[in-house]
Amino acid sequence: MEPDIFQSRVQDFLLEREAANNLFFEVIDNARETTANSYMAVVERSGVMVQAAVRTPPQNLVLSRGRDDTALDALVTDLESRDVSLPGVHGPRDEAAGFAGRWQVATGRSPRPRMLQRVYQLTEVIPVPGVPGAPRLADDSDRDLLMEWSTSFIDEALPGEQHPATAWVSRQLNTPNRGVLLWEVDGEAVSMASYGGPTPNGIRIGGVYTPPQQRGNGYARSTVAALSLSLLTAGRTFCFLFADQANPTSNHIYQQIGFRPVGDAIVYVFD
């Protein structure tokens, strides 16, 4: 199915929980750009959509929120009939866990939880007082810094995960609806946050990183608050992000500036 046709078919369903389903829109966008054979599927019961799934190889399968637990059986059967080898699955906690268990029964591949995440949404920024410095958008002159910091972020948040830093930085600097905001103090960058993955009404914030020697000064909180305000001012109805539930500090910071939880997601990898 062509990505445009697929999106027109699933969009109303996804918009019922837009922030929780945000990753779906990015994968559909990626499918427009790749030559890989993308997987796009919907499950219906009596003409009503109850589940959707999408994937661009070699990435994980992404699941939407579902209305019918038995829809996961249909997805597993369909994927197995196509002889698909999945590295993992990412989706709302219940749906991803249900799929992972069924995939293990069907294929013998054991699921291993990679990260439990909380999905947050923000519609209004709570100001951050008393933090020195100011924000600015990163540009090509910051390329080396962004490569270093993005690699450090992945090494810390997802140890062992491969990170194509050069490609990520180029994409953030040169693609519409993407970018990186830096927080500077006395001309020195001390924190960063990136944005991308737009949905019809929102946009995702991610890649929040402060070097260890600069932590504890409120820089990350100020960076995310400034970026969120900028995106809302530019016309987005809300911002959203994924936070690792194993990191209470980041979860607390996000809630301090106005992010509110809208659901939980989890990543499973298949050993």
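Some values worked out for this structure:
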quantity: Residues (surrounded by fewer than 21 Cβ atoms within 10 Å (Cβ to Cβ) and assigned to a loop (DSSP other than H, G, I, E, B)) located in segment 39-62; calculated: Ser46, Gly47, Pro57, Pro58, Gln59
quantity: Residues located in segment 174-197, provided they are surrounded by fewer than 21 Cβ atoms within 10 Å (Cβ to Cβ) and under 18 Å from the mean Cα position of the chain (by Cα); calculated: Thr175, Pro176, Asn177, Arg178, Gly179, Gly196
quantity: Residue satisfying all of: in segment 63-72; open to solvent by less than 10 Å² (accessible area, probe 1.4 Å) and without any contact (Cβ under 8 Å) to a residue 40 or more places away in the chain; nearest to Asn21 (Cα to Cα) among these; calculated: Leu63
quantity: Leading residue by the ranking (nearest to Gly160 (Cα to Cα)) among those in segment 89-112 that are among the basic types (Lys, Arg) and either open to solvent by less than 70 Å² (accessible area, probe 1.4 Å) or assigned to a loop (DSSP other than H, G, I, E, B) (or both); calculated: Arg109
quantity: Those residues of segment 214-233 which are under 14 Å from His252 (Cα atoms) and open to solvent by 30 Å² or more (accessible area, probe 1.4 Å), in sequence order; calculated: Gly216, Arg221
quantity: Checking Asp142 against (1) modelled with pLDDT of 95 or more; (2) open to solvent by 30 Å² or more (accessible area, probe 1.4 Å); (3) over 29 Å from Val262 (Cβ atoms), the condition it does not meet; calculated: (2)
quantity: Filter pass, Met115 being open to solvent by less than 50 Å² (accessible area, probe 1.4 Å), touching a Ser or Thr at 6+ places or on another chain (Cβ under 7 Å) and either within 24 Å of Arg93 (Cβ to Cβ) or assigned to a strand (DSSP E or B) (or both); calculated: no
quantity: Residue match in segment 20-36 (condition: part of a loop (DSSP other than H, G, I, E, B), among the hydrophobic types (A, V, I, L, M, F, W, C) and out of contact with any Asp or Glu (no Cβ under 7 Å at 6 or more places or on another chain)); calculated: yes
quantity: Segment 150-188, subset of a type in the set (Val, Ile, Thr) and outside any loop (DSSP other than H, G, I, E, B), residue nearest to Ala234 (Cα to Cα); calculated: Val180
quantity: Selection status of Glu80, assigned to a strand (DSSP E or B), out of contact with any His (no Cβ under 8 Å at 6 or more places or on another chain), over 25 Å from Gln245 (Cα atoms) and open to solvent by 40 Å² or more (accessible area, probe 1.4 Å); calculated: no
quantity: Sole residue being free of Cβ contacts under 8 Å to residues at least 60 places away in the same chain, crowded, with 17+ Cβ neighbours inside 10 Å and of a type in the set (A, V, I, L, M), chosen from Leu75, Leu23, Leu86; calculated: Leu75
quantity: Some residue of segment 245-252 being open to solvent by 60 Å² or more (accessible area, probe 1.4 Å), among the aliphatic types (A, V, I, L, M) and within 30 Å of Ser110 (Cβ to Cβ); calculated: yes
quantity: Among (1) of a type in the set (S, T, N, Q); (2) open to solvent by 30 Å² or more (accessible area, probe 1.4 Å); (3) closer than 20 Å to Ala134 by Cβ - the single one Gln255 does not satisfy; calculated: (3)
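The rows are residues; the columns are (1) over 20 Å from Arg118 (Cα atoms); (2) part of a strand (DSSP E or B); (3) out of contact with any helix residue (DSSP H, G or I) (no Cβ under 8 Å at 6 or more places or on another chain); (4) modelled with pLDDT under 95.
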{"site": "Val190", "(1), (2), (3), (4)": "yes, yes, no, no"}
{"site": "Pro200", "(1), (2), (3), (4)": "yes, no, no, no"}
{"site": "Gln213", "(1), (2), (3), (4)": "yes, no, yes, no"}
{"site": "Cys239", "(1), (2), (3), (4)": "no, yes, no, no"}
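The values are calculated or read from the model by the stated rules, or taken from the named source; none is laboratory data. The model shown is predicted, which means the values in this text are computed figures rather than measured ones. Quick reminder, even Gly has a Cβ in these numbers, built from the backbone with ideal geometry, and neighbours come from all protein chains shown. Surface areas here come from the heavy atoms of the whole protein model, side chains and all, with no ligands, DNA or RNA. Shrake-Rupley method; radii C 1.70, N 1.55, O 1.52, S 1.80 Å.
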